[in-house]
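See structure below.
A short reminder: the numbers here are calculations on the coordinates, not readings from a lab. In this text, all values refer to a predicted model and were calculated from it rather than measured experimentally. Positions of Cβ are backbone-derived with ideal geometry, glycine not excepted, and every protein chain shown enters the neighbour counts.
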């Protein structure tokens with residue numbers, strides 16, 4: 001597809017990571033999931049488990065700002081989403097903390113992780129992704145959280 005591209009090297013001075021996925025959208029996709037990463041996790045996740053996603057993102061190339069959505073969902077029908085976290089980033093880069101609770105049981109290989117990048121013409125990098133599991137030992141409100149941003 002000529003309208004989107006994934007891959008590329010991290011620019012020198014990347015904050016928080018030394019390898020990243022670069023997403024470049026040349027034309028907005030028809031739906032948010034029309035252009036997204038697709039990674040699977042090989043761990044088992046139990047319903048109601050408290051989780052924390054941590055990652056860095058920054059706008060690159062000709063983009064001063066970029067926006068995306070991080071999605072953690074079941075990798076098969078009915079594709080139950082545990083979180084859909086929309087975020088914006090600029091060229092400086094930012095570390096994001098996204099606490100959430102697993103909406104359903106996930107067997108090994110049934111966790112799908114996505115970054116959706118088809119909202120507009122843009123380029124951004126995502127790196128340092130970790131999803132940490134706390135079972136139910138920690139309350140959701142005890143975990144760090146990056147508030148949603150909207151610049152209008």
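Structure above, values below:
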item	result
Selection within the range 64-94 - surrounded by fewer than 15 Cβ atoms within 10 Å (Cβ to Cβ), assigned to a loop (DSSP other than H, G, I, E, B) and in contact (Cβ under 8 Å) with a residue 60 or more places away in the chain	92
Of residues in the range 95-111 being over 11 Å from the mean Cα position of the chain (by Cα) and in a strand (DSSP E or B), the one farthest from residue 83 (Cα to Cα)	95
Output for the range 106-134, where each listed residue is more than 25 Å from residue 28 (Cβ to Cβ) and in contact with a strand residue (DSSP E or B) (Cβ under 7 Å, 6 or more places away or on another chain)	106, 109, 110, 111, 128, 130, 131, 132, 133, 134
